Amino acid sequence: LQRGKGFDTEPIERPVAEQEESSQEEPPPVTLTDFLQNVPPSTMTAVTDLAVADRYTNGIFRSYVLAIPPLVLRCNHEVCQGPRIFRHRKGRPDLNDDDGTNCFMTYICSNCQEREKIYSLWIRRTKDASSGHVYKFGELPEYGPHTPGRLITLIGPDREMFLKGRRSEIQGLGIGAFGYYRRVVENQKIRILDEVIRAAQKLRSGPVLIEQLKAAQRETQFSKAIEVVKAALPESLLIDGHNPLSLLHSALSDGLHDRTDEHCLQLAHNIRVVLTAFSERLAQALKDEAELHSAVSQLLNAKSGDSSSKGDS
Ligand SMILES: [Zn+2]
């Protein structure tokens, strides 16, 4: 991506938009809401509804301030755990400098009033217009779609590596994304198979499968390990009727060959989707089993409680 080029050496003096407008095709203009929510950092983007006229602060001079929209963002606070409205905390950067303005925007979740989202931006309003260009230096928490907690739990210590893969995928870097995901699966092979064994035991799978899964754990490479597992997984762990371990295996071995970036991007996407679905199946299988176990013991306890009270009377 060449869009952000130039900021390394001249962050303010020479706005990138000026050079880009003539030389390169620009992505279509978006609203500021769309830009903040859905455009990854390091991109120069034309924004339609950037500024509003603010006549109060500057007497008879027409001055412009940033038009700040509320945003809908995912909030990870324990009371929220989903999309919530975030509102800007305070202040309105003014947009009257022809060279552009650097600013931070801090949003806070309207529900929990605790979680924040911070953007670092360079904004230049087009002369005599409410539109302009915005460059996103970065945001905190980092840009990227939500990654389910169950998947993060499954891959454990390789969380950061996985998120790097996710960011590569978002930016269309197929070989990069594939490489990160493959590393995560290879590194966490033992952990993933541990979970499968735990679920298989709970689901009362035969000893043959458990033995094969344990043998697979001893193999160094995930791809080789999965070839060892011939017995069928319990049905509740299957994805669309297929063994997720075999699906991961075929995606991982495919990408080892000399593939294009686009092909690797598709594989990376498939690996992530299968891994996510698999983590959900595993967690659900263990939860269902725990629930069933607790229901059975409660029923048994109630029964023995009934009989003892009958005996007392
Ligand atoms: Zn919240």
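What the table below lists for this structure:
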item	result
Where only alpha carbons of region 176-309 are counted, the Rg and the Dmax (Å)	18.6, 73
Protein-only accessible surface order, largest first, of F35, F137 at 1.4 Å	F137, F35
Share of carbon and sulfur in the accessible heavy-atom surface of region 182-292 [1.4 Å probe, %]	50
Accessible area of E116 in the full protein assembly, 1.4 Å probe (Å², nearest 10)	70
Fraction of the pair-distance distribution of the chain above 31 Å, Cα-Cα pairs, percent	50
Cα-projected label distance for E78 with V273, points at 7 Å along beta-carbon direction, nm	3.5
Surface accessible to a 1.4 Å probe, per residue, for the residues of the chain, Å²	56
The chain, helix-only ellipticity at 222 nm - DSSP H runs n ≥ 4, -39,500 (n - 2.57), divided by all residues, nearest 500	-15000 deg cm²/dmol
E291/H257 FRET efficiency (R0 45 Å; Cβ-Cβ; nearest 0.05)	0.55
Relative contact order for region 200-241, counting Cα pairs under 8 Å that sit 6 or more residues apart, in percent	40
With all protein chains modelled, accessible area of S250 [1.4 Å, Å²]	70
Span from the region 168-198 Cα centroid across to the region 212-243 one, whole angstrom	16
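The values are calculated or read from the model by the stated rules, or taken from the named source; none is laboratory data. Every value quoted in this text rests on a predicted model; they were computed, and no experiment measured them. With ideal geometry, Cβ positions are generated from the backbone for all residues, glycine too; neighbour counts draw on all protein chains shown. The area values use the complete protein model at the heavy-atom level, side chains included, leaving out ligands, DNA and RNA. Shrake-Rupley method; radii C 1.70, N 1.55, O 1.52, S 1.80 Å.
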